[in-house]
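The structure appears below as C-alpha cells.
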Amino acid sequence: MKLFLPFAVAMTVFTGIAPAVVINFDFNLRLENDDDSNVATDTYVGFGAAPDSVGNTHWNSVRRTGSTSFSSSAAINSPTRDSSGAASDVSITMAALGLDNATIAQSKESLNQELGGGSYGNLMGDSLQLHTATPGTVGTAFGTIANLAAFGTYEIYFYGQGATYGSPGNEASGQNSLFAITNAFRGSTVGIAKQTGWDGVNGGDGALTEGVEYVKFVAMANASGQIFFRWENVVAGANVLTDQATGPLGRSSDYGALNGIQLRSIPEPSVALLGLLGVLGLLRRQR
C-alpha cells in the first residue's frame, strides 16, 4: 500500500499528456468524368507512414491553385481537418517562382507507377507535379506550413513518386523528389535534404518505405507557428550525387512529384519528464 500514492501520481501525470495529432493532405487529380463541383473520387482514406490512432483515417483532398502555386485553402472538404475529422487551422502554401524555371501541375499516374494500382493507389497514384522546362536543370518550389503551435515539434512526411517506371523512351519516367526543411521561405537548408526513390517493382511492393515512397523530417515551428520546406526534382550532378529513381534511359527526370504530406505533432516530453522525476522523488521518500 505504500506505493499507492506514487502510482496514483504517476497515472495522473502520464494520462494527462496530450496525444499526437496527425493532419493528412492528399494531392488529388479529379478524374476525367468529374465536373467542377469540387467532388473528388480518388481521395485516399486510411493510414500512411505516420503512427496514428485506430479509426483516424481522414485525408484532406486538395488541388493546385495555379500554374506556379498551391494552397491548402483549396481543400475540397474545407475546412482542413485532422485525421480524426476534427477541424484544424493548419495550412500549407507553396510557390514555384518564375526565376526557378518551374511550374506546378496536377498529374494522374498510370498503374505502373509505384503503388498506383495497389493498396495505396489513391495516395500514390496522383500528385502535384513540378516541371522544369529545360532538361537537366533543377526546378524548385518553396512551401510554408502555418498555424502550428509556436515552438512545437513535428514529424513531417513527404510522399514523392510520379509517372511510370517501366515505359521505355519516356523521359517523364523515374519521377521522384528531393525535399528539405529550410530556415525561412526560400531560405537555407536545415539539416540534410532527402530524396525519394523506387523499389524496382512495377506496381509496387505494397509497402510504404522511408527513402522510397516517402522521406521523414523532424522540425520545430518558429515563434509564428511556421515550418518552411523546399521541393525539387532530382538531377544527378546538380542537387544530388546519385538519382535513386532514374528514367528508363538512366537520366534524371525534369519532373518531380508530391503525392501527399503528413504532419504529426510530437507531445512535449518535458511534461512526462517532470512527472517521472516527481514520482521517483516520492518513491525515494517512501523508502
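Would you check if G206 is out of contact with any Asp or Glu (no Cβ under 9 Å at 6 or more places or on another chain) and in contact (Cβ under 8 Å) with a residue 60 or more places away in the chain?
Yes, satisfied.
For Q106, all conditions in the list (1) surrounded by fewer than 16 Cβ atoms within 10 Å (Cβ to Cβ); (2) in contact (Cβ under 8 Å) with a residue 40 or more places away in the chain; (3) outside any strand (DSSP E or B) hold save one; what is the number of the exception?
(3)
Is it the case that A221 is modelled with pLDDT of 95 or more, touching a strand residue (DSSP E or B) at 6+ places or on another chain (Cβ under 8 Å), surrounded by fewer than 21 Cβ atoms within 10 Å (Cβ to Cβ) and not hydroxyl-bearing (S, T, Y)?
The answer is yes for A221.
Could you look through the range 117-160, keep only residues that are part of a strand (DSSP E or B) and among the aliphatic types (A, V, I, L, M), and pick out the one that is modelled with the lowest pLDDT?
The extreme case among them is L128.
Can you name the residue in the range 54-66 that is farther than 15 Å from L258 by Cα and among the small types (G, A, S) and is also surrounded by the most Cβ atoms within 10 Å (Cβ to Cβ) among such residues?
Result: G66.
Kindly indicate whether V54 is assigned by TED's automatic domain parsing to the domain that holds G187, more than 17 Å from the chain's Cα centre (by Cα), modelled with pLDDT of 90 or more and not small (G, A, S).
Yes; evaluated as a whole, the condition is true for this residue.
What is the one condition in (1) at pLDDT 90 or above; (2) under 15 Å from the mean Cα position of the chain (by Cα); (3) among the hydroxyl-bearing types (S, T, Y); (4) surrounded by 17 or more Cβ atoms within 10 Å (Cβ to Cβ) that T93 does not satisfy?
Of (1) at pLDDT 90 or above; (2) under 15 Å from the mean Cα position of the chain (by Cα); (3) among the hydroxyl-bearing types (S, T, Y); (4) surrounded by 17 or more Cβ atoms within 10 Å (Cβ to Cβ), only one is false for T93: (4).
Suppose the filter is aliphatic (A, V, I, L, M), closer than 19 Å to Y214 by Cα, crowded, with 23+ Cβ neighbours inside 10 Å and modelled with pLDDT under 90; does A163 pass it? Can you show your working first?
Values: aliphatic (A, V, I, L, M): yes; closer than 19 Å to Y214 by Cα: yes; crowded, with 23+ Cβ neighbours inside 10 Å: yes; modelled with pLDDT under 90: yes.
So A163 fits the description; yes.
The values are calculated or read from the model by the stated rules, or taken from the named source; none is laboratory data. Since the structure is predicted, the reported quantities are computational estimates derived from the model, not experimental observations. Ideal geometry is used to build each Cβ from the backbone, glycine not excepted, and the neighbour counts take in all protein chains shown.
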